[in-house]
Amino acid sequence: MAHYRAPDPKREQFRRYLEKAGVVDSLTSVLVALYEQPDRPNNALEFVKQHLGAAGQTSADTEALQQEVIDLRQRCARLTEENKELKTKLQRHETVSENGATAE
């Protein structure tokens, strides 16, 4: 006959801590994804590591990276335009120099 043991307060506190931090949900979703794989991966631990890393990214991380991409694309566009303008100026300067005229 099994006998009832009272829950360990430290264990319960740790369980609540993991739930509050989202660890339980993340682990559960990764294990469900592994379970739902039609073909079991050869390395289950590697599968969990890869998927846990993806699940562990916070929306703040994602937002920061998206903002950085936007900023870098704008910077790239500005630099591309500046490069185009400088090439045009250089071409004009070279044309003036070839014709023997003085550059401004």
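Data table
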item: Residue within region 50-59 that is at pLDDT 90 or above and open to solvent by 100 Å² or more (accessible area, probe 1.4 Å) present; result: no
item: Region 33-49: number of residues that are surrounded by fewer than 10 Cβ atoms within 10 Å (Cβ to Cβ) and either among the acidic types (Asp, Glu) or modelled with pLDDT under 90 (or both); result: 2
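The values are calculated or read from the model by the stated rules, or taken from the named source; none is laboratory data. As the structure is a prediction and not an experimental result, all values here were calculated from the model. Because the Cβ atoms are built from the backbone with ideal geometry, glycine has one as well, and the counts that use them run over all protein chains shown. Note: accessible area is taken over every heavy atom of the protein model, side chains too, but ligands, DNA and RNA are not part of it. Shrake-Rupley method; radii C 1.70, N 1.55, O 1.52, S 1.80 Å.
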